[in-house]
Every structure is written in C-alpha cells, then in structure tokens.
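Peer 1: Got a structure for you, questions after.
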Amino acid sequence: MMAELALQLLDIMLVAILIGLAWATLESKDEGRGVVLFIAFGLVLALVWARLAAPDVAIAEAAIGAGLSGALLLAAVRDQKRAAAQATDAPAEASWEASRGGAVPPAVPWALGVLCLGLALMVAWAFAHALANGAPQRLAGEVLGRLSESGVTNPVTAVLLNFRACDTLLELGVLLVALLGIQALGPQRRPYAPAEPVLASLVRWLIPALILTGGYLLWVGAHAPGGAFQAGAVLAAGGVLLRLAGRRSAGLPGGAALRLLSVGGVAAFLAVGLALLLAGRPFLGFPSAWAGALILLIEAAATLAIAVTLIQAYLGGRVPSADGGSEPRWPATPDGPNP
Amino acid sequence: MTEAVVWTVALPLGGALVAALAPRHGAQVGVAIGVATLAAAVAVLVQVASGGPLRYAVGGWTPGLGIALHADALAALLLGMANLVALAASVYATAYFTQAAVRERFWSLWLLLWTALNALFLAGDLFNIYVTLELMGLAAVALAALGGQRPAVAAAQRYLVVGMLGSMVYLGGVALVYAAYGTLDLVAVSTRIAPEPAAWTAMALMTVGLLLKAALFPLHFWLPPTHANAPAPVSAALSALVVKAAFYLVLRLWLDLFAPVTTPDSSRLLGVLGAAAVLWGSWQALRAERLKLMAAYSTVAQLGYLFLFFPLFAGLPEGSARAAAFGGAVLLALTHGCAKGALFLAAGVLQRRAGHDRVRDLQGTAQGLPATTFTIALAGVALIGLPPSGAFLGKWQLLTAAIATGQWVWVPVVLAGSLLAAAYVFRVLGHAFGHAPGPGRRVTSVREELPALALALIATLVLGLGAAPLWTLLAASAGSPAFGGAPF
Amino acid sequence: MARHTGWTQPVITTQLLYGLAGVALLSLGLRGALAAVSMLRRLLALNLMGSGVFLMLVALAYRGPGMPPDPVPHALVLTGIVVAVSATALALALGRRLAETREGD
C-alpha cells in the first residue's frame, strides 16, 4: 500500500520532469542548450521506459534516442556555430540563433497554442476512453502464447524478428535510404579538432568494452532484453568515440567492405526470406527448429549494418580516406590508438 | 500463386542492394529489375482479376499476430499503374543523368522508392503502412535533393519535415486504434470498429497525417517547389505515384476501415478542400512561368478532383451507382498517374534540350521534338478530361454522381477546373507551335521520348477506350469480403 | 468505466498517467514544430512528438507489476526510434548542404 503510493509519487515526478524538460527544450533561447536538454529528456525517457517494464526500449532510447540523436544534433549545432563565427561580415545569417523577434505576429503562437491544447484534450479523451473500454489483452496473449514457436524467448525479439519481421525488414531499408540520401549530398566538410590525450588513452579501454557490450547485447537478445538495434547502437557509440578521439575514419573500413556492411542487414534478411520462399515456405516463415539460429544470423548482420550506418551518418556521409581527401584539416595529430 | 505479391516487394529491394553495391551498373540493374517487377505486378493483377482478392500472410503467422499483404482490385490496379509509370521513368532515367556521381546515386534510391510504393499498395497492417510511408518519404526526399542544387535541397528539406509531421500524427492515430481495438490488422480492426471517440479521433489523426502527404489544399504548400525542382524522372514519380499512394490510403481507410465512423459532414469537408484544390491549383498552374511548376500545380488540382468523390460516396446508397462512382474515381487516379508521368518526362526532355523550362521560350525546342510535343498534347487531353481519355469517363462519373445526389455545388467546380486546365494546356501548346513546323525526325531519342509517349497514349486512349474491363473488375471485387464487409 | 477482471485500479492509473503525458508531449511537440524559427528546433520538436506517441504506446503496453507487458507496442516503438533517427540524420544532412551552398563553395 505504501509501496504503491511511493510508486505513484515517483510516476508523477517522472512525468513532471519529462514534460518540464520537453518544455525547456522547446523554449530555450540557445540552440546548443536546447539540444543538451533534449538529451537529458531522452535519458529521463529511458528511465520511464524502465519503469514501464520496457527494458529493450530503454536501452535503445538511451543509446539511439538520446545518445546518437544527441550526437548528431550537437554536431549540427557545432557546425552552425562554426559557420556563424566564420561569416563575421554576414550578420543576417544569424537567423540560426533564436531570434523570435522576426516576422511571426504575436497572435500566431497563441492561436497555435489553443489549437494544440484542443487537440491534446481531444486525443486525451479518446485515449482514456479507449483504455477504459478496450480489450485488455490486445495482442499480448497471442504473442506470449505462441512465443515457443518463434525460436527465441524474448517476446520483443520474437515480435521484431519473427512475427512482424516484415516491419523490421522495411525499417532496415529506411536506415539504408537515409544513409544513401546523406551520401548523395556530396562530401561534407567536417573539420575536427585534435584529440585530447585523456580521451585518446581512455579510448584504448573503452572501445574493446563497447565491442564486448555490443556483442553481448546481440547474443543475449534472444532471451533477455537486448538485440540487434541496441547492439548496433552501442557499436556506433564506439565509432563516434573513436572519431572524437582523433581517428578520422572512426574505425570504419573503406570502399567495398563498407558498402557490403551497410547493405548487409537488409541483404541477410531478404536472402533468408527468399530462400525460405523458394524452399516452399512462406516468405520469412522460419521453421521453428531453425528460427533461433536464423534470427541470430539476421541480427548479427543487422547489428553491423546499423552500427556502420549510424557512424557514417555521424561522419556526414563520406568516410575520410587515409590521405585526408577534401577535408580541411587543423594541425594534424597522429591517429588514435588501435582499438 | 500468391507469392507474386512478395516478389513485387522483394525484387526492387534486392535490386536496390545490388545497385548500392555496384553503382556503375545501376542503370542495367534498374531497368532489368523494373521489367521483372512490372511482370510481378501484372501477375498480381491477373490473379486478382480471375480469382478475387489475394491475401498473403508474411511468415505464415495469422494476420494480427503477423502482417498480411492484401491485393484487391483497387490495390492491384494502382499497383499496375505505379509499376508501369516507374518502368517508363526508369527507361527515361537511363538517358537523363549526365553526371556520373548523380547517376550512380540515383538507382539504389529509386529502387527503394519503388519497393516502398509496392509495399504500401499491398499493405494490410496499420503499422506496416507507417513504415512503408516512412520508407517512401525518405526515399522521395533523397531523390528530390539529388544533385545538391540549392532550390532542390531546400524544397526537399521542407518536404521531409512535413512528411515527418504527417507520419507522427498518423502514428498517433495508430496508437489510438491499438488502444481501443487491440490489433493492427486492417481486416480485424474493420470488424471491431464502432463509432466512438477513439475511432473518430484516430480517423481524424490518420487522415490529417495522410492529407499532409497527399498535398490536399491547404496542406499542399510543400508540393510545387519540390516537384518542380527535382530531376525529371523523380518529379514524374512524385506527382504520379507518391501523392497518389497517400490518396489511396485515405480512400482505403475511409471506405473500408472507418466506414461506420465517417460522417457526411466530414466527407463534405474533404469535398470542400478538394474543390478549393481544384480551383486554386488550376489557377496557379495557369500563372506558372515554368513548365514543371505548372505540372506541379496541376497535380494539386487533379488530386482535388479525387477528393471530390468523398462526399459523393457518402451521399450515394450502396449499389451500382456508388460502384460506378468508385470506378470513376479509380479511373481518374490511374489516368492522372499515367498522364502526369508522361508530362513530367516530356518536360524533362524539353528542359534538357533547351536548358530551361520556361513556357514562353519553348518554341524552337518544341519544334525540334515532335514526339515530345505530341506527348504533351496527349497528356494535356488527359489532364483536361477530354474524350477518349480515362479522365473524361472519371469526370463524367463525378458529374453524374453529383447531380444524382443533389450536390450541385461540385458541378461548376469541375467545369471551371476543366476550363482552367484547358487554358493552361493550350497555353503551353500555343507557345510550342509558334513557328511553322520544320523538317526533322519524328523521334529524336528513343530512350528519352518513347516512355513518355507510351504513358500518354495509355492515359488518353487505352484507359478511356479500355475502361469496361476495369469497371467489371472493380465491381466484382467490391462485393467480396476482402476487408470484412463489402464497401459497396 | 468498465472493470476488467485481473486488472487493478493502479494499472489503469499508471497507464492513464503516462499515456496522457504522451499526449501532452505530442501536442507540445506539434506546437513547437509549427512555431519553430529554425530547422534545428523543428527537428527537436518533431522528435518530441515522436516520443509522445511512443509514450502512449508503451503506456498501454504496461499491464502491472505482476504480468509481462505487451511486447507488440515495444517492438513498434523500437522501430519508431530507428525511423526517427534516420529521418533526423537525413534532415540534418540536408541542412548542412544548404549551409554549404550558402557559403558559396
């Protein structure tokens, strides 16, 4: 009874912090501070996921939602500030900074606020109504009931990689499209600063640990929280760290190997699915005896694909070759330690 | 052999992977896979025509637990049209791109867009629709920005943000549906749905999200710059197929899923917005200085016609009149897809030759490209809605239904829209036929001009004269419980 | 409000609390996206909108401390997170390209 009350108090606090951080993110005057608040929001959201018994989502949120999204956004803010600093004789381009005194008439935010409040009330009422009258089991009963046929014991992995595999296949396609789109925009100019010695030496320990963690998450995803997305995100974090520590290529291979890894996730998924189709089974219909092994195979390929895609997205599309390519470089430092 | 539905998705996806690994051979891969995919789509259409709607459970799991692919007459016809237009644009694209860097990037993105389109038309699960919408949207954005030119990139970024907004709103609706009905399968939801707050809030959210992607007035602001600045084959796909896919989803949701929840008032709202789109789009097309911008505004207008059908569906009782109106809507959608594809491809040819696409200065170029000019004329006939194009039959059904239900207000809108369309089409043709025709070859470049010509001929002749089998196909499929209850 | 056997009041309260928080985030994000002055803010707002919908989904997946949660919304949210980061990455790359062309490279 007391425990329930304490838990409800915790819930209310978490919700308040969450909404407060969201509000602060949107209202902050400085864009860099806004991104940092957004990262904090993501981490609190990961706590909420853990509270709601969603550990898979919590790991993914912390690694991808807060971590990698945050890294991408921070890099964008840094690039903007650098560009603004260089364009000292172009003050008009300071529109990057929050200059609300622009062309928006004061009535519009009010009208928008009223509109969004109305929308919120309508959706909230519909949601409450649905919770009250909707079927409590939803799909959980079916999924948990047929879990044994799926080849894994983690229900989320079963849904992602077996029952609703079509979604995951297309979602890996979405990742690939984003990568191809980023690459098509041409080589990005990404000057980087030389690494600090502390970070450079820390990386020597961190990268193996991250690789181990990623491998563990991939392996354990079959029967415990984890899986390809979480593992891929952890490996991508390692790549970002390498880049920050001075390794220009962030540990990525070049040329054909990189292309192969990038498409490998979709390729493995599609190959397995079509092989099953040609063997007389439904598309992506894993036989129960082999399902676990096939899922692990697909997840392994997907982990690598997710990792290299997210690292390349952070690098801005082009992996710098050993000779530096078209990047303007600040005073060079030796490459970071080998992972 | 219902596996054809899987091949329509798996073939372009596999082709995209090959094109990403071997970019130099992208064009060969693209056209070869395109032909194969079109064959698979035709196989689906043939199966649906002879055997009724198809349903394929991916992974063998019962739909609900797993994801199902559906193909009824509506989906199969649109699938066929989409694959045809995509193949034509692919053939054109083999000759369009001059810069190797752009050309190598194009094909993998293009095939991924193709995958998304096919997966969307066949989707039978609400969340799967969300993922296909995102795949389609991101691929379209990446293709629209290809080349890195500033106007194209700026328009593409706006398109991306609008698309993200639409997707999030749509996903909110999906969450409500799952909360209330505990399933994501279209058939299952349609059997459980009832008029209650969760249902119509979900319908509102999902519709708004999809209207953003379908560019219905007033949510159309992102379309003209995006379509006008993209490379020509991409513009063809965007105008003919991508926005059509969003319209298809609205049609599917309103007629099949949310049928008990829609009200005549909400249908009338869609009709009003459609009418505004017709008038505003046609007017802006008339004022456009560039051919591609004119074509983009014409898309806004033509989509308006499609949304005019919604109040008519609401007003007609179930029966042959409603089936005829539905057939008209589908025919209009198919014709516009082919005609707009043809127009953008032809505009691309003109732009390549002349270096620009300003309507006023097209004379010399158009003289030297008789096949392309003929294509524009044919496509124009289909856009105006003159006989024997499929659009004529579609608009005829629109007018008949409007008079039959007593909703006279749509009649002047359709007539005004058609008059304005005639005005902007003849304006272009008038500029094109400025001088006396000079001696020259009929078709200067087969790869560039034939696909557009073929599409225009289909739009203007085949779909109009060959509409009867289409009607019987739609009517036959309408009666079967593909979606848990006959819509007509 | 209907009562379901096996469900205690705290579960629905928790679901409702977090679900309504999700709705609040959705509308906050929407307002932010419509009123944003820069692309970066718009992207932050859109991500917040997404988080709001994800919260709605995970909230209704929660079935109390004793029962395992509904895994389907968890899978949907995982997919959604990856899709959102992909779209954000592409949007940021487009913005970088715009900034480059403005500098006149």
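Peer 1: Quick one: is residue B:413 farther than 26 Å from residue B:465 by Cα and at pLDDT 90 or above?
Peer 2: Judged against the criteria, residue B:413 is not a match.
Peer 1: Assigned to a loop (DSSP other than H, G, I, E, B), in contact with a Lys or Arg (Cβ under 8 Å, 6 or more places away or on another chain) and over 30 Å from residue B:379 (Cβ atoms) - does that describe any residue in the range B:221-234?
Peer 2: no
Peer 1: Of everything in the range B:194-219, what is of a type in the set (Val, Ile, Thr), buried (at least 23 other Cβ atoms within 10 Å of the Cβ) and over 16 Å from residue A:127 (Cβ atoms)? Give them in sequence order.
Peer 2: B:207
Peer 1: Among the helices (runs of 4 or more DSSP H) contained in the range B:1-117, which hold 2 or more residues that are away from every other protein chain (no Cβ under 14 Å) and modelled with pLDDT of 95 or more?
Peer 2: B:26-51, B:73-96
Peer 1: Of the residues B:372, B:365, which single one is in a helix (DSSP H, G or I) and buried (at least 23 other Cβ atoms within 10 Å of the Cβ)?
Peer 2: B:372
Peer 1: If we scan the range C:37-48, do we find a residue that is crowded, with 24+ Cβ neighbours inside 10 Å and modelled with pLDDT under 95?
Peer 2: The answer is no; no qualifying residue exists.
Peer 1: Within the range B:431-466, count every residue that is among the hydrophobic types (A, V, I, L, M, F, W, C) and modelled with pLDDT under 80.
Peer 2: Count: 5.
Peer 1: For the range A:261-305, which positions are farther than 22 Å from residue A:229 by Cβ and charged (D, E, K, R)?
Peer 2: A:281
Peer 1: I'd like the full set of residues that are of a type in the set (Gly, Ala, Ser) and closer than 10 Å to residue B:118 by Cβ, limited to the range B:1-49.
Peer 2: If the condition is that a residue be of a type in the set (Gly, Ala, Ser) and closer than 10 Å to residue B:118 by Cβ, then B:10, B:40, B:41 are the ones that fit.
Peer 1: A further question follows. Within the range B:75-120, work out how many residues are surrounded by fewer than 24 Cβ atoms within 10 Å (Cβ to Cβ) and basic (Lys, Arg).
Peer 2: Selection size over the range B:75-120: 1.
Peer 1: Among the residues of the range A:77-90, is there at least one that is of a type outside the set (Phe, Trp, Tyr) and closer than 30 Å to residue A:220 by Cβ?
Peer 2: The answer is no, given that none of the residues of the range A:77-90 is of a type outside the set (Phe, Trp, Tyr) and closer than 30 Å to residue A:220 by Cβ.
Peer 1: I would also like to ask the following. From the list A:3, A:40, A:24, A:53, pick out the single residue that is facing another protein chain (nearest Cβ under 9 Å) and among the small types (Gly, Ala, Ser).
Peer 2: A:53
Peer 1: Now for a different question. Condition (residue is at negative phi and under 20 Å from the mean Cα position of the chain (by Cα)) applied to the range B:177-198: is it met by at least one residue?
Peer 2: no
Peer 1: While we're looking at this one, here's another question. Determine whether residue A:126 is part of a helix (DSSP H, G or I), in contact (Cβ under 8 Å) with a residue 40 or more places away in the chain and within 11 Å of chain B (Cβ to nearest Cβ).
Peer 2: So residue A:126 does not fit the description; no.
Peer 1: Still on this structure, I have one more. Quick check on residue A:31: is it surrounded by fewer than 16 Cβ atoms within 10 Å (Cβ to Cβ) and within 7 Å of another protein chain (Cβ to nearest Cβ)?
Peer 2: When the stated conditions are applied, residue A:31 does not pass them.
Peer 1: Moving on. In this structure, does residue B:268 turn out to be farther than 23 Å from residue B:113 by Cα, outside any loop (DSSP other than H, G, I, E, B) and among the charged types (D, E, K, R)?
Peer 2: Against the criterion (farther than 23 Å from residue B:113 by Cα, outside any loop (DSSP other than H, G, I, E, B) and among the charged types (D, E, K, R)), residue B:268 qualifies.
Peer 1: For the range B:224-282, enumerate the residues that are touching a helix residue (DSSP H, G or I) at 6+ places or on another chain (Cβ under 6 Å), within 18 Å of residue B:170 (Cβ to Cβ) and of a type in the set (Ser, Thr, Tyr).
Peer 2: The answer is B:248, B:262.
Peer 1: Same structure, new question: Among the residues of the range A:235-250, is any at pLDDT 90 or above and over 24 Å from the mean Cα position of the chain (by Cα)?
Peer 2: No, the conditions are met nowhere in the range A:235-250.
Peer 1: Name every residue in the range A:239-291 that is surrounded by fewer than 19 Cβ atoms within 10 Å (Cβ to Cβ) and away from chain B (no Cβ under 14 Å), in order of residue number.
Peer 2: Hits for the range A:239-291 are A:249, A:253, A:254, A:289.
Peer 1: Of the residues in the range C:62-93, how many are facing chain A (nearest Cβ under 7 Å), hydrophobic (A, V, I, L, M, F, W, C) and more than 14 Å from the chain's Cα centre (by Cα)?
Peer 2: Within the range C:62-93, residues that are facing chain A (nearest Cβ under 7 Å), hydrophobic (A, V, I, L, M, F, W, C) and more than 14 Å from the chain's Cα centre (by Cα) number 5.
The values are calculated or read from the model by the stated rules, or taken from the named source; none is laboratory data. Fair warning: this is a prediction, and the values are worked out from it, not measured in the lab. Reconstructed Cβ throughout: ideal geometry from the backbone, glycine too, with neighbour counts over all protein chains shown.
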